[in-house]
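Q: The structure under discussion is supplied below as structure tokens; questions concerning it will follow.
Please treat every number below as a calculation from the coordinates, not as lab data. These numbers come from a predicted model, not from an experiment. Please note: Cβ atoms are built from the backbone with ideal geometry, for glycine as well, and neighbour counts cover all protein chains shown.
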Amino acid sequence: MRASRFFISTLKEAPSDAEIASHKLMMRAGMIKRVGSGIYTYMPMGLRVIRKVEAIVREEMNRSGAIELLMPVVQPAELWQETGRWDKMGPELMRVKDRHGRDFAIQPTSEEVITDVVRTDIKSYRQLPINFYHIQTKFRDERRPRFGLMRGREFTMKDAYSFDRDVAGMQQSYQIMYDAYVRIFSRFGLQFRAVAADVGAIGGTGSHEFHVIADTGEDAIVYCPSSDFAANVEAAEALSLTPARAAASEPLTKTATPGKAKCEDVAQYLKLPLAQTVKSIVLTVEKEKGNETWLLLLRGDHDMNEIKVNKIAGLAGGYRFATEAEIVETFGTPPGYLGPIGTKQPVTVVADRTVANMHDFVCGANELDFHLTGVNWGRDLPEPLVADLRNVVEGDPSPDGKGVLAIQRGIEVGHVFQLGTRYSEDMQATFLDEHGKPQPLQMGCYGIGITRILGAAIEQNFDDKGIIWPASLAPFEVVLCPMGYDRSETVKAETDKLYAALQTAGVDVIVDDRGERPGVMFAEWELIGVPHRIVIGERGLKEGNLEYQGRRDAAATPVALDAMVEFVS
Ligand code: ATP
Ligand code: MG
Ligand code: MG
Ligand code: MG
């Protein structure tokens, strides 16, 4: 590639809505351009990285035996109604109507469509196992799009779906995907961790998330440094909770209907007998203030017949505690705590001014038997808040008894899941076994956030000059910076020769032939994050040398002209 024929558009300053390094740097490096909330144009430089991510994912998926197809973005509502997800998904599912008034979903994933493919095209156990995947645009009307590509509304996902004749087969297909994911994230050159993600109805091995480790990650992950225990915070917490809670198949997310909720209702939401101890209940209440929305966080201990708010946990970056005066002004209640039912004590509140959505504010009534109304349950919370309010504490004993727990923050970049017959039963997707008897297909699903990988990679690899792409993901592996391409015949000739030789060697190289001043040129490529830079100048050439500098190197090294191709490839 020649820079003069490519599109490079860098910025001195990041826009003010960019909060974290990856978002700021992607904007400044001209990789993405904001079109609307959570909606971006992938600019030529950014698209090159996306294509590199896709190529690695595609290679490893193919290697694992999965077969690529491409399912539509716009999907008829009827399929979604068959599984009940049309109603269950709520506002995150984007819905559109066609000119005839028919309903459609803009796919957030494609379980329904693939199950429809399989129920008509797979007839016999002889066609199993099979795993289909696609790399396709997704849309999720996220409550809180942010951090650029990290939590977009429109984004690209690789999603795969395996179909097997029995549970053992499904588990084998799952393991094949798990292993492929380990290869994929290793090839990206990122530090990652696979964590158990579900210990509910399906059991301890039902699901894993793959997290790229980063302090700005929205998730907390819990692991034991002296064993292989690793779980996301929900799974870790469920392991340390009562068997009744662990066995409950319903997630902990509940939005109470406006009106007064009784203590028994709380217990019912949590699927627990009233007397059982629920160690931690997280409540949120939101209130609009001017054009900001504030979030109240309460942590309650359900102890027999009372809920106390006895602790306000520390909140991670991006959030802050409101001052007492702000709390009083906003909520008309001083900070304090919600005491035993029947007392009239004030409510403890923490406010956050960054949450976008709004719910009714009625909470902490403190009357006999009435204490919670219009509240959201735990998992409706933005992730970082939930994580910090959870019950798992660093230094607690690990559930496997082999050491103590440590906590890290992570970015969820992949998720594998054993679904069983959840979709095949609703959609009557069966195959004929060797006795000619119809059996429901055992299914698994496997996602990778293609575009989120860019953000995650940068969160792990940047400095004050800009991005430092791992070589496997860089938009270009090598940049040639000639000193006076338009002025010096020798420089031009040697640059062109090297450019051709690198291309022949299969190196993804760009030559900066724009005639920019060296300082400007270097700063721009450092911002963009190309891992290898070669400077071609008359002075060096006289001694038969070029200058090489790796993106992380403090200074340049002279490398002999004829050794350079081998040096960088
Ligand atoms: P999150 O917990 O971050 O909301 P999720 O659990 O809802 O993600 P999955 O349904 O497991 O996401 O989807 C598979 C993968 O798609 C995720 O692991 C993530 O990498 C990616 N992904 C999900 N939502 C987004 C988004 N809004 N923007 C970019 N990538 C996303
Ligand atoms: Mg989500
Ligand atoms: Mg998740
Ligand atoms: Mg997930």
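Q: In nanometres, what is the gap between the two model label sites at VAL35 and ASP98, each 7 Å from Cα along Cα-to-Cβ?
A: 2.2 nm
Q: Counting just the Cα atoms, what span does region 473-518 cover along each of its three principal axes? Round to the nearest Å and put the largest first.
A: Per principal axis, max minus min of the Cα coordinates gives 32, 20, 10 Å.
Q: Stretch VAL74-ASP486 to full length: gain in nm at 0.36 nm per residue minus the Cα-Cα span? Mind showing how you got there, number by number?
A: Details: separation 412, 0.36 × 412 = 148.32 nm, distance 5.05 nm.
Difference between extended and current length: 143.3 nm.
Q: Which whole-angstrom value gives the distance between the alpha carbon centres of region 19-34 and region 421-441?
A: Centre-to-centre (Cα) distance: 47 Å.
Q: While we're looking at this one, here's another question. How much FRET efficiency would the formula 1/(1 + (r/R0)^6) give for ASP396 and ARG193, where r is the Cβ-Cβ distance and R0 is 25 Å, rounded to 0.05? Please report the intermediate quantities before stating the final value.
A: On the way: r = 18 Å, r/R0 = 0.73.
Once rounded, the FRET efficiency stands at 0.85.
Q: In square nanometres, what is one fourth of the surface area of the convex hull spanned by the alpha carbons of region 506-561?
A: Quarter of the Cα hull surface area: 4.4 nm².
Q: Return P(r) of region 1-63 (all Cα-Cα pairs; 5 Å bins starting at 0; whole %; ordered from short to long distances).
A: Percent of pairs per bin, in order: 4, 16, 21, 22, 15, 12, 7, 2, 0.
Q: I need the P(r) histogram for region 87-195: all alpha carbon pairs, bin width 5 Å from 0 out to the longest distance, whole percents.
A: Reading the bins upward from 0: 2, 9, 14, 16, 19, 16, 13, 7, 3, 1.
Q: Using the beta-carbon distance between HIS435 and ARG514 and R0 = 60 Å, what value does 1/(1 + (r/R0)^6) give for FRET efficiency, to the nearest 0.05? Could the numbers behind the result be given before it?
A: Numbers: r = 71 Å, r/R0 = 1.18.
Given R0 = 60 Å and the Cβ-Cβ separation, E is 0.25.
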